[in-house]
């Protein structure tokens, strides 16, 4: 038995040594506080807004768009994974919608301005994007009434309760309308959907006869279905393109959403400048030590 | 009598329809994939598409070599992790396991097969990623993490097929070996395992198929950067991840390029199934 196992043992030993060598060689490349950049997938509304605000994507003269996002940035396809990653990795940095913030991560100030709803509203916190709805025509009584509810003070209260910022299109007046029955379809951006769900709930309480169907997809799909008359209201987390407004759809801003730049709660960095965020997300700054010295002066 | 014949014929047709349904599904999927994907490959250029190292949909640059390499690396890693554990577990379960323990192990392995892949992904994200990060630094996501996770995921496939292959070996082989003076270990490893070789390989090949096609779990632990991996800790994007990440937003050529990625993946799976069929044929 001993000599039988000898062969196997020898192979096992070689395998173990090989494994150890691989581990050691790869382990050596590790540096303590490399920034782990967490980004979103290409095409995501959040990434689009983030990249545009920080000028990470720029239109070139020849019409192409230069996206200088750091090649080694991790790509995730949901807000939840970004948050989980940042909450567990003390070297990570990511960005999410302000409405999704919680205690598991820390939102840093940008240029010294804290990411709060007030600062978005008064314009000092620049990292924000509009939440839009789009309609083709305003002939449908239910659509008209629902929009008047969204923009009324009651509707805007729902928006603010969720941590988003109310729209300047909103009115001070309370909602007074009532519709007996009807059925409308709302489709589009997954970022806007949570707000729309809450608005729907509140609206249906006041108008029990109305049915509202919400289809979650993305901004582009939502706007296309409105243009084609398949759905009544489209949701978009970005401004409309001219090719879309040309089709006769009218955008209405229902809320603003701030984007929070998040780091691990253990990270000592509390403030970043816009340039630093740009440098981190384009790979010019790769270590946290380059940041902390900058901010503590 | 006649009534029975009518029933007989009726059931025959019913079974034929049922059989045709699955074949039809395969044919339709092939048609859809190739009809939508091939034009895109030729529009981009097969060389540029398959060997291009840059994936930049905003500027219509579609090179999927990083994704092909990513899929291959992760799958190879899964084999390194999963095959030794899987095959040895199968040997243990078929030959050495005490009946009491077997009653626990068998359902446990079956349960492992039934866990949804998104749950594996979540497990990887909260359990494996921090371990790898603490051991090796970096973000903890990458080839190594994905390989370990996939290695665990393909275990049930390898274990159950290898185990039944081992059990299918006639008992006389074992008895003969022991009768000639071999110890139990020697009889198992040098008689039973070689006799069950083709079944074990079939299990491994099916495991590879599962690993290369896995999506949801990999997407959560691989990091998904579309660049060529440089080390075992590099983040990678697999072909499946590429499709899932961008399909929701893609339009025009971008969308077709993603379907074309599916075509490449499909060809990989086809090759794997062909290997499986060859192994099976050799066995018979």
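The values are calculated or read from the model by the stated rules, or taken from the named source; none is laboratory data. A quick note: this is a predicted structure, and the numbers were derived from the prediction, not measured. A quick note on method: Cβ atoms are made from the backbone with ideal geometry, for glycine too, and the neighbour counts reach across all protein chains shown.
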Restricting attention to segment B:242-259, does a residue exist that is buried (at least 22 other Cβ atoms within 10 Å of the Cβ), touching a residue at least 40 places away in the same chain (Cβ under 8 Å) and not in a helix (DSSP H, G or I)?
-> no
Residue A:129 is checked against (1) more than 12 Å from chain B (Cβ to nearest Cβ); (2) out of contact with any helix residue (DSSP H, G or I) (no Cβ under 7 Å at 6 or more places or on another chain); (3) closer than 28 Å to residue B:243 by Cβ and fails just one. What number does that condition carry?
-> (2)
Return the total of residues in segment A:153-165 being surrounded by 21 or more Cβ atoms within 10 Å (Cβ to Cβ) and more than 13 Å from residue A:200 (Cβ to Cβ).
-> 3
What are the residues in segment B:1-25 that are within 25 Å of residue B:258 (Cα to Cα) and surrounded by 10 or more Cβ atoms within 10 Å (Cβ to Cβ), if any?
-> B:24, B:25
Members of segment B:119-140 that are closer than 20 Å to residue B:80 by Cα, surrounded by 23 or more Cβ atoms within 10 Å (Cβ to Cβ), touching a residue at least 24 places away in the same chain (Cβ under 8 Å) and over 19 Å from the mean Cα position of the chain (by Cα) | B:129
Kindly provide the set of residues from segment B:34-65 that are assigned to a loop (DSSP other than H, G, I, E, B) and either loosely packed, with under 15 Cβ neighbours inside 10 Å or in contact with a helix residue (DSSP H, G or I) (Cβ under 7 Å, 6 or more places away or on another chain) (or both), ordered by number.
-> B:45, B:52, B:53, B:60, B:63, B:64
Positions within segment B:31-56 being modelled with pLDDT under 90 and farther than 30 Å from residue A:75 by Cβ, in sequence order | none
Tally time: how many residues in segment A:71-90 are more than 9 Å from every other protein chain (Cβ to nearest Cβ) and either over 21 Å from residue A:102 (Cα atoms) or in a helix (DSSP H, G or I) (or both)?
-> 6
Test: residue in segment B:219-230 that is surrounded by fewer than 20 Cβ atoms within 10 Å (Cβ to Cβ), in the same structural domain as residue B:270 (by TED's automatic domain parsing) and either free of Cβ contacts under 8 Å to residues at least 24 places away in the same chain or closer than 20 Å to residue B:109 by Cβ (or both) = yes
Would it be correct to say that residue A:115 is in a strand (DSSP E or B) and crowded, with 16+ Cβ neighbours inside 10 Å?
-> no
Assigned by TED's automatic domain parsing to the domain that holds residue A:196 and either in contact with a strand residue (DSSP E or B) (Cβ under 9 Å, 6 or more places away or on another chain) or surrounded by 19 or more Cβ atoms within 10 Å (Cβ to Cβ) (or both): does that describe residue A:243?
-> no
Among (1) closer than 24 Å to residue A:54 by Cβ; (2) touching a helix residue (DSSP H, G or I) at 6+ places or on another chain (Cβ under 9 Å); (3) modelled with pLDDT under 90 - the single one residue A:283 does not satisfy = (2)
Looking at segment B:78-97, is at least one residue assigned to a loop (DSSP other than H, G, I, E, B) and in the same structural domain as residue B:234 (by TED's automatic domain parsing)?
-> yes
Taking residue B:70 as the residue in question, decide whether it is surrounded by 13 or more Cβ atoms within 10 Å (Cβ to Cβ), in contact (Cβ under 8 Å) with a residue 40 or more places away in the chain and in contact with a strand residue (DSSP E or B) (Cβ under 7 Å, 6 or more places away or on another chain).
-> yes
So is residue B:143 in contact with a strand residue (DSSP E or B) (Cβ under 6 Å, 6 or more places away or on another chain), surrounded by 14 or more Cβ atoms within 10 Å (Cβ to Cβ), under 26 Å from residue A:91 (Cα atoms) and in the same structural domain as residue B:216 (by TED's automatic domain parsing) or not?
-> yes
